[in-house]
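Engineer: Structure in structure tokens, see below.
Read-outs: derived from the displayed coordinates by stated rules, not from any lab. Everything numeric here is computed off the predicted structure, so don't read it as measured data. No Cβ is skipped: glycine too gets one built from the backbone with ideal geometry, and neighbour counts run over all protein chains shown.
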Amino acid sequence: MDAIILAGGKGLRMDSDVPKALVEVNRKPILFRQLNKLEGKIDSVMISLGYKAEEIESALIDNYIFNGFENILVSAEKKPLGTAGALKYALTQFKKIKKELSHHVLVFNCDDLTDINIDEMKEIKYNTICLANPILPFGLPHIHGKYIAGFKEKPKMEDWWVSCGWYVLNKNLDIDLPNKGSLEKDVFPKMYTRYYKHYGYWFPLNNLKSVQEFEKTKIKLS
């Protein structure tokens, strides 16, 4: 299976000048964490870049490509295209470079950390959106009669499922994708897709606080 990592975000809420893909989690860039997760399990990976693409590409060359990781490719959009447009462009470039792209491609947002089983993803043969249980960022009150009997801080909402930013998609999906737009708003609502329920962890690293919260968990990453 081949993969595409959507890594074009600016990371403005990270309180940092570096692009989000290079923001560090436990002293290693988010993008590097994701690449390490794929190592040995994916044939080739295309990294879709946007903001400060040259800076990220330079970091990749220094840390991966010069060290024998020849299966890492880069697709850099010249102007913001949204997740749908970025994926369309990346798929088009991927197929130009690699003539035998896998029939279905693993696609995910760089800033969505999960322990999704890559081997299980490789068995999926349909357009599929991965779902996970979100963590409520507030205290959930336990109401007893007219009173609050207690709070459960930031509980995992086990009865709720949301997209966790990981997908398995047909390699020819680019034919139907807009040149600019959002996967979540413009594409998926109009598609017939299956779902995969992920019961492990999912941490969307949307801002500096979410990075700090993840680091407190002491979860070991690649």
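Engineer: Collect residues whose amide H, placed 1.01 Å from N in the peptide plane, falls under 5 Å from the amide H of Val74; neighbours closer than 5 in sequence don't count.
Structural biologist: Ile47
Engineer: Would you look at the GNM of the chain, springs on alpha carbons closer than 10 Å, and say which of Pro19, Pro155, Pro178 moves the most?
Structural biologist: Comparing Pro19, Pro155, Pro178 in a Gaussian network model of the chain, the most mobile one is Pro155.
Engineer: Quickly estimate the mean residue ellipticity at 222 nm for the chain, helices only: each DSSP H run with n ≥ 4 gives -39500 (n - 2.57), and the total goes over all residues, rounded to 500.
Structural biologist: Only helices count here, giving -6500 deg cm²/dmol.
Engineer: R0 = 41 Å: FRET efficiency of Lys190 with Ile148, Cβ-based, nearest 0.05?
Structural biologist: 0.45
Engineer: Give the peptides 211-220, 141-150 in descending order of average Cβ contacts within 10 Å, highest first.
Structural biologist: Averaged packing, sorted descending, gives the order 211-220, 141-150.
Engineer: Just going by the charge dipole of the chain, with Lys and Arg at +1 and Asp and Glu at -1 on Cβ, which of Pro134, Ile219, Ile118 is farthest out on the positive end?
Structural biologist: Pro134
Engineer: Based on the Kirkwood radius over alpha-carbon pairs, what is the Stokes-Einstein translational diffusion coefficient of the chain at 20 °C with 1.002 mPa s viscosity, in µm²/s?
Structural biologist: Value of D from the Cα-based Kirkwood radius: 117 µm²/s.
Engineer: Helix 82-97 versus the longest principal axis of the chain: what angle, 0 to 90°, nearest 10, using Cα atoms?
Structural biologist: In the chain, helix 82-97 runs at an angle near 30 degrees to the longest axis.
Engineer: Which order do peptides 32-38, 171-177, 190-196 fall in by mean Cβ count within 10 Å, highest first?
Structural biologist: 32-38, 171-177, 190-196
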